[in-house]
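Visitor: Here it is, the structure in full.
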Amino acid sequence: MSELRELYQATILDHNKSPRNFRQLAGFSGHAEGRNPFCGDVFNIWVEVKDGVVTDVSFLGQGCAISKASASRCCRRRRGRSRPA
């Protein structure tokens, strides 16, 4: 289990240090802001959708390493998928 934990920590640290898609998207189709009043995390997410498919996703904000890494990974996974209902 130690190797899995190390991989998890390495992934979080990597995405926190160099988040992917950490920018405001120009020409976006949708935008959302999320705030967590308990810990102070604030993130904005932009999405571009063409013909029902997510073509680009980006985010900006401040938060802990886990929330920043989660936003970074989620942006990467959404690209190319159908728009959620």
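Visitor: Inspect all residues belonging to region 1-18 and state whether any of them is assigned to a loop (DSSP other than H, G, I, E, B) and within 12 Å of Ala71 (Cβ to Cβ).
Guide: no
Visitor: Can you pull out every residue in region 56-79 that is surrounded by 13 or more Cβ atoms within 10 Å (Cβ to Cβ) and polar (S, T, N, Q)?
Guide: Ser58, Ser67, Ser70, Ser72
Visitor: Give the residues of region 3-28 that are in contact (Cβ under 8 Å) with a residue 40 or more places away in the chain and open to solvent by 100 Å² or more (accessible area, probe 1.4 Å), sorted by residue number.
Guide: The answer is Leu13, and nothing else.
Visitor: Still on this model: When residues of region 19-45 are filtered for being in contact with a Lys or Arg (Cβ under 9 Å, 6 or more places away or on another chain) and either part of a helix (DSSP H, G or I) or within 17 Å of Arg73 (Cβ to Cβ) (or both), how many remain?
Guide: Of the residues in that region, 6 qualify.
Visitor: Quick check: is even one residue across region 29-42 surrounded by 11 or more Cβ atoms within 10 Å (Cβ to Cβ) and aromatic (Phe, Trp, Tyr)? If you could, list the steps in order and put the result at the bottom.
Guide: Let us first name the residues in region 29-42 that are surrounded by 11 or more Cβ atoms within 10 Å (Cβ to Cβ), namely 29-31, 34-36, 41-42.
Checking the rest, the ones that are also aromatic (Phe, Trp, Tyr) come to none.
No, because not a single residue in region 29-42 is surrounded by 11 or more Cβ atoms within 10 Å (Cβ to Cβ) and aromatic (Phe, Trp, Tyr).
The values are calculated or read from the model by the stated rules, or taken from the named source; none is laboratory data. All figures in this text were calculated on a predicted structure; none of them were measured in a lab. Virtual Cβ from ideal backbone geometry, glycine too; neighbours counted across all protein chains shown. Areas reflect the complete protein model, heavy atoms only, side chains present, ligands, DNA and RNA absent. Shrake-Rupley method; radii C 1.70, N 1.55, O 1.52, S 1.80 Å.
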